[in-house]
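Please treat every number below as a calculation from the coordinates, not as lab data. Everything quoted here is computed from the prediction, not taken from an experiment. Cβ sites come from the backbone with ideal geometry, for glycine too, and all protein chains shown count toward neighbours.
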């Protein structure tokens, strides 16, 4: 049996709660308006609740969310790969994963208890605010606000009890870990992979690269004819005749073709390709 000190945000009441089960009874919280009072904010969080004389965030987050990850808070984001879906949209029951930042070298995890709007959520977490100089307090339904420029929940400010307001630190956030399996074909961070049409594009590219019937050796063994006139007009005429292959007069009977060995080779290759 373990006692937790619970802070009721906005009321400044302290209570002792006996943890008899994995469920925490809801406590309504009213956060005070945001301000700009400087704050030192939170400390480190590990998964070893017996190593320190106060409650850690990791066992508490695991208990209230049901997400079965272990180890220090900063390892949860990577551990979730292949086991739990991840993303950047807050959902009730999801765990917000904080990156290490400043004095918070082990990161932090907190469960989302309510989504207020696209910039505001309520959190349930442990070992964030010191109360009367004591660490390890459990805070229920306290406010966290997205302050990222792109509204992607990559930076948040969190309610800090000693000042009765949001802390001024902009804490970096990895994202949210959901208590669902990652979907097939979905990247670990919730970004969908490329469409399955990619192999089709590759296939089209393959067919487009059809090899020519006339290779680089088709002139091998041809000796130039001394005194022969330029062959450019003859080749041009031959290609025109080859295109009109249904003509009544076969191309092989043309006198110019008989005197043009290169033309004969081209015609032979083209006839072979057609066959």
Checklist entry - When 180, 169, 120 are ordered from fewest to most other Cβ atoms inside 10 Å of their Cβ, what list results? => result 180, 120, 169
Checklist outcome for this item: Quick note on 89, 139, ordering by fewest other C-beta atoms within 10 Å, gives 89, 139
Next on the checklist: Using a 10 Å cut-off around each Cβ, can you sort 96, 111, 270, 104 from fewest to most neighbouring Cβ atoms?
Outcome noted: 270, 104, 96, 111
